[in-house]
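Structure first, then comments.
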Amino acid sequence: MAQADVSIGTTSRRAGPRRRRSYVELTVLSLVAGIGLWWAAVASGMANPVLMPPPGKVLKAIIELTSDGTLAIHIGVSMSRGLGGFVLGTVIGVPLGILIGRSARAHAIIDPWIQLMRPVPPIAVLPLVVLWFGIGETSKLVVVFYGALFPILVNTVHGVRSVENSLIRAARALGASERQIFRLVVLPAAVPSVVTGLRLGAGMAIFVLVAAELLGSTAGLGWLIMDAREHFFTDQIMVGVIALGVVGYTINRGLLLLEHRLVRWRPAQE
Amino acid sequence: MTVPARGNSAATAQPKLSITHVTKRFISPNADQEIVALQDVSLQAPSRTFICLLGVSGCGKTTLLNLVAGFLDPTEGEVRVDGQLVTGAHADRGVVFQDYALFPWLTVRLNVQFGPRVQGRSQAEQRALADKYLAMVGLSEFENRYPHELSGGMKQRVAIARALANHPSILLLDEPFGALDAMTRETMQDELLVLTTKEPKLVVFVTHSVLEAVFLADRIVVMSARPGRIMADITISLPHPRDRTSAEVTEYVREIRQLIAPQLKEEPRR
Ligand SMILES: Nc1ncnc2c1ncn2[C@@H]1O[C@H](COP(=O)(O)OP(=O)(O)OP(=O)(O)O)[C@@H](O)[C@H]1O
Ligand SMILES: [Mg+2]
């Protein structure tokens, strides 16, 4: 029997771990080529250097804004706002989503509100939020929270509701109580969907935050961009945009790592 | 130990399982139409018997098994185990599903320990039970794998070990080997017979393979479709191990095929 086991195991799995060929050179080449094109466009006079500063000038601006600490301050301000709204969205969205996913009554009461409010772009509620909470930090926190909440909420509800019935039956037939089924089956089964919600929520948080900062603030990456525009410092605008790209990328990578840790049990998606 | 405590009815000739005049109707979701899945089904079974439920697709085999498992309630009639009315799932009735229903976030070992764990057994007991049943199904060395890293046959072995680790007195299996290739399927049939001989119990095994039923069963309950009824109850009095190609087995298979042949002709209409 042991013999049979071994052969069954090896024949049905893939023949050896297939390693994805890495194309690091191509990635580097692509980045270099892009920056080269940018430089060439400006140097050849095709692009107006005032509107489109050459890479060298942007690099200089990055170094300046980094060395005098300006960039770090604005990144810090934006991050703490974004994080605040995101954490609030998580702390409220996940438990609320679990509740709605579990209780048909809660679903009947709360779901219509979600369905009505979800399609509204968070920016659209900003004017009202500003009237209610003023133009300061609170209104930004609220609007970021609003933006992050729905992806987190909706994905959590989905995760809790889409647990396979056969898993619940299996647990029941193994003697699990309803509480144990919730804790040991429903929650773990919902984790992948919740983490997806967190990733989408974080993206939404950044999106909404920057929009709010563009529209009215005294610090933050959005403000940095608007302020540079006032002074026609296109190089600094570029720095703000690049900083947003890097920050967003880093956050997404972090959450992906978290996802890999939490749902190691899932088959690798290829 | 997990058997429900009852009065000391030690010597009464009470059947282990008793299904009396059970009818199960479903309301079909789209039309307001009733589907009679089972019509007046009665069946008694003593302990230590291997019963195969045999019938064409849609004849109500799964429905009947789910009624015994306690996942469904009969529309009419009653299901009793040890004289007690079945009102829900119970750890004394282990279930093995066609789609394995393993908890994907738990390793093989933790899947097998799930039953003892929710029953409140000590860590040491849980581990000892898992050791024992993983060895019994020949998967000791795969204890730290996740379900998605296993072949279909291995997954079903885990599911069987998980059900047995709870020491149920009834084992219910719904086409457990239906998704396996022919060779693995035969190996699994042999192994299941060894396991249920080691720890005798009432086994109810759903299949639509006549040969599988004749190979495994002490008793074959043949069901007819629309509405599901018991058409025949055949005792297979051949000693184990049986030879799938022997004249006796072949004769039983032929007889039962003739019995259900009229049903098979109707099947494409479904
Ligand atoms: N939850 C349900 N709602 C409505 N109809 C159902 C439900 N479950 C089963 N049925 C119907 O009851 C009948 C019997 O179904 P059942 O799953 O018990 O058949 P089966 O013998 O197990 O078939 P198969 O061999 O294909 O698994 C079918 O006509 C099916 O459509
Ligand atoms: Mg079925």
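Some observations on this one:
- As a summary of the residue check, B:Gly60 satisfies the conditions (1) out of contact with any strand residue (DSSP E or B) (no Cβ under 7 Å at 6 or more places or on another chain); (2) within 8 Å of ligand 1 (Cβ to nearest atom) except for the one numbered (1).
- When each of A:Val210, A:Val157, A:Val191, A:Val143 is tested for being touching a helix residue (DSSP H, G or I) at 6+ places or on another chain (Cβ under 6 Å) and within 18 Å of B:Leu110 (Cβ to Cβ), the lone residue that passes is A:Val191.
- Within the option set B:Ala165, B:Ala161, B:Ala179, being within 16 Å of ligand 2 (Cβ to nearest atom) and among the hydrophobic types (A, V, I, L, M, F, W, C) holds for one residue only, B:Ala179.
- Wholly enclosed helices (runs of 4 or more DSSP H) of region A:39-144 bearing at least 3 residues hydroxyl-bearing (Ser, Thr, Tyr): A:70-102
- Of the residues making up region B:120-147, those that are hydrophobic (A, V, I, L, M, F, W, C), at the interface with another protein chain (Cβ under 10 Å from one of its Cβ atoms) and surrounded by 21 or more Cβ atoms within 10 Å (Cβ to Cβ) number 2.
- Positions within region B:201-216 being assigned to a loop (DSSP other than H, G, I, E, B) and more than 23 Å from B:Lys24 (Cβ to Cβ), in sequence order: B:Lys201, B:Ser209
- Every residue from region B:44-57 that is over 15 Å from the mean Cα position of the chain (by Cα), within 16 Å of ligand 1 (Cβ to nearest atom) and part of a strand (DSSP E or B): none
- Conditions (1) over 20 Å from B:Glu255 (Cβ atoms); (2) buried (at least 19 other Cβ atoms within 10 Å of the Cβ); (3) of a type in the set (A, V, I, L, M, F, W, C); number of the one not met by B:Val194: (2)
- Tabulated pairs, region B:64-86, first within 13 Å of another protein chain (Cβ to nearest Cβ), second acidic (Asp, Glu) and part of a strand (DSSP E or B), C-beta under 8 angstrom, 6+ apart or interchain: B:Leu65/B:Asp174; B:Val86/B:Glu78
- Near pairs, Cβ below 9 angstrom, 6+ apart or cross-chain, from region B:90-119 (facing chain A (nearest Cβ under 7 Å)) to any residue that is aromatic (Phe, Trp, Tyr) and assigned to a loop (DSSP other than H, G, I, E, B): B:Val95/B:Phe71; B:Phe103/A:Trp265; B:Pro104/A:Trp265; B:Pro104/B:Tyr146; B:Trp105/A:Trp265; B:Trp105/B:Tyr146; B:Phe114/B:Phe103
- Note on region B:188-212: residues that are free of Cβ contacts under 8 Å to residues at least 60 places away in the same chain, within 14 Å of chain A (Cβ to nearest Cβ) and either more than 21 Å from B:Ala247 (Cα to Cα) or within 16 Å of ligand 1 (Cβ to nearest atom) (or both) total 5.
- Contacts under 7 angstrom Cβ, first residue in region A:181-200 being more than 10 Å from chain B (Cβ to nearest Cβ), partner of a type outside the set (Val, Ile, Thr) and outside any helix (DSSP H, G or I), 6 or more apart: none
- When the criteria are applied in full, A:Ala243 meets the requirement of being in contact (Cβ under 8 Å) with a residue 40 or more places away in the chain and closer than 24 Å to A:Ile123 by Cα.
Quick grid of which residues meet (1) more than 14 Å from the chain's Cα centre (by Cα); (2) of a type in the set (Phe, Trp, Tyr); (3) more than 19 Å from A:Gly97 (Cα to Cα):
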{"residue": "A:Leu128", "(1), (2), (3)": "yes, no, yes"}
{"residue": "A:Trp132", "(1), (2), (3)": "yes, yes, yes"}
{"residue": "A:Thr138", "(1), (2), (3)": "yes, no, yes"}
{"residue": "A:Pro151", "(1), (2), (3)": "no, no, no"}
{"residue": "A:Val157", "(1), (2), (3)": "yes, no, no"}
{"residue": "A:Glu164", "(1), (2), (3)": "yes, no, no"}
{"residue": "A:Leu184", "(1), (2), (3)": "yes, no, no"}
{"residue": "A:Ser193", "(1), (2), (3)": "no, no, no"}
{"residue": "A:Ser217", "(1), (2), (3)": "yes, no, yes"}
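- Hey, B:Arg162 in contact (Cβ under 8 Å) with a residue 40 or more places away in the chain and either in contact with a Leu (Cβ under 8 Å, 6 or more places away or on another chain) or under 25 Å from B:Phe71 (Cα atoms) (or both) or not: yes
- Test: B:Asp32 is at positive phi and of a type outside the set (Phe, Trp, Tyr): no
- Any hit, region B:147-155, residues being at negative phi and within 16 Å of ligand 1 (Cβ to nearest atom): no
- Candidate set from region B:71-85 (those that are part of a loop (DSSP other than H, G, I, E, B) and in contact with a Leu (Cβ under 9 Å, 6 or more places away or on another chain)); member that is nearest to A:Gly175 (Cα to Cα): B:Phe71
- Output for region A:219-270, where each listed residue is under 20 Å from the mean Cα position of the chain (by Cα), more than 14 Å from every other protein chain (Cβ to nearest Cβ) and basic (Lys, Arg): A:Arg253
Coordinate-derived values only; no laboratory data. Small disclaimer: the values here were computed from a predicted structure and weren't measured. As a convention, Cβ positions derive from the backbone with ideal geometry for all residues, glycine included, and neighbour counts pool all protein chains shown.
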